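> Just dropping this structure here.
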Amino acid sequence: MGGLAPEERKRLEEVVAARIGARSGGAAALTAAYLDAVERNAYARTVGPGPVPTSLTSERAELLFEICSRLERVVEDFEIQALFRVTETQARSMRKMLLATHTDEANRLDHAWSLVGARRAGRRKGAKVTGEVIVFDDEDRRNAFTAFAARTGVQVERVLGEGDRPWQVIVADDYPADRLPE
């Protein structure tokens with residue numbers, strides 16, 4: 001396959017870098033995952049088994065799934081905005097469609113996404129749970145982690161932190177220690 005010329009690829013990477021700024025793991029990795037996903041998506045849509053997406057939303061969910069698979073995480077809403085040139089609301093909707101469409105694999109990727117930027121803050125006894133306290137960067141990540149824990153049977157208790165990072169949970173000791181953030 002021909003793919004993009006080197007100068008086109010460089011330009012794409014520059015545009016993505018300008019749109020995401022310093023908020024991501026890097027424009028090079030995101031661009032590479034995007035281009036690989038487009039190619040794999042085209043192949044799967046044409047020769048793969050089963051039905052093909054029939055709406056733009058489901059087509060984008062498939063493409064996002066490929067991107068996430070390459071990056072080993074769910075892409076951020078601002079990254080979706082940068083790649084697809086959509087609004088913040090549309091990006092969030094696309095991420096939700098991805099998670100609903102690819103539940104099993106997305107569950108693992110969403111769990112990884114929820115812990116990006118999270119940190120441990122010691123142990124604590126809550127009203128219902130005793131265990132490690134995890135502090136999250138934002139409410140969406142905390143909610144994603146809480147939903148993951150509920151699906152997997154791990155007890156968590158939401159607690160209110162202080163200052164600019166109020167999104168915390170106490171996670172029970174049956175949560176695998178090797179999966180806790182640093």
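The values are calculated or read from the model by the stated rules, or taken from the named source; none is laboratory data. Please read these numbers as outputs of a predicted model, since none were measured by experiment. Every residue, glycine among them, receives a Cβ derived from its backbone with ideal geometry; neighbour counts consider all protein chains shown.
> Residue by residue through the stretch 137-152, note down the ones that are more than 15 Å from the chain's Cα centre (by Cα) and under 12 Å from Arg108 (Cα atoms). Before you say what the answer is, go through the steps one by one.
In the first step, residues of the stretch 137-152 are kept if they are more than 15 Å from the chain's Cα centre (by Cα); the result is 149-152.
Once the filter is applied, which keeps residues that are more than 15 Å from the chain's Cα centre (by Cα) and under 12 Å from Arg108 (Cα atoms), the stretch 137-152 yields Ala149, Arg151, Thr152.
> Within the set of pairs 6+ apart or on separate chains, which have a first residue in the stretch 6-22 that is in contact (Cβ under 8 Å) with a residue 24 or more places away in the chain, a second that is of a type in the set (Asp, Glu) and part of a helix (DSSP H, G or I), and C-beta atoms under 9 Å apart?
Short answer, once both residue conditions are applied: Val16/Glu79; Arg19/Glu79; Ile20/Glu79.
> Within the stretch 64-76, is even one residue without any contact (Cβ under 8 Å) to a residue 60 or more places away in the chain, surrounded by fewer than 12 Cβ atoms within 10 Å (Cβ to Cβ), under 15 Å from Glu105 (Cβ atoms) and in the same structural domain as Arg11 (by TED's automatic domain parsing)?
Within the stretch 64-76, one or more residues are without any contact (Cβ under 8 Å) to a residue 60 or more places away in the chain, surrounded by fewer than 12 Cβ atoms within 10 Å (Cβ to Cβ), under 15 Å from Glu105 (Cβ atoms) and in the same structural domain as Arg11 (by TED's automatic domain parsing).
> Follow-up question, since we're still on this one. Could you tell me whether any residue of the stretch 86-103 is at pLDDT below 85, polar (S, T, N, Q) and surrounded by 12 or more Cβ atoms within 10 Å (Cβ to Cβ)?
yes
> Please verify whether the stretch 165-179 includes one or more residues that are at pLDDT below 90 and of a type in the set (Gly, Ala, Ser).
Yes.
> Filter the stretch 51-85 down to residues that are at pLDDT 90 or above and in a loop (DSSP other than H, G, I, E, B), then give me how many there are.
The total comes to 1.
> Next up: Quickly run through the stretch 99-152 and pick out the residues that are farther than 21 Å from Leu64 by Cβ, among the aliphatic types (A, V, I, L, M) and either part of a strand (DSSP E or B) or in contact with a Cys (Cβ under 7 Å, 6 or more places away or on another chain) (or both).
Correct list: Ala121, Val133, Ile134, Val135.
> Next question, about the same structure. Any chance the stretch 1-22 includes a residue that's closer than 29 Å to Arg151 by Cβ, touching a helix residue (DSSP H, G or I) at 6+ places or on another chain (Cβ under 9 Å) and part of a helix (DSSP H, G or I)? Steps first, please.
Restricting attention to the stretch 1-22, the residues satisfying the condition of being closer than 29 Å to Arg151 by Cβ are none.
No, every residue in the stretch 1-22 fails to be closer than 29 Å to Arg151 by Cβ, touching a helix residue (DSSP H, G or I) at 6+ places or on another chain (Cβ under 9 Å) and part of a helix (DSSP H, G or I).
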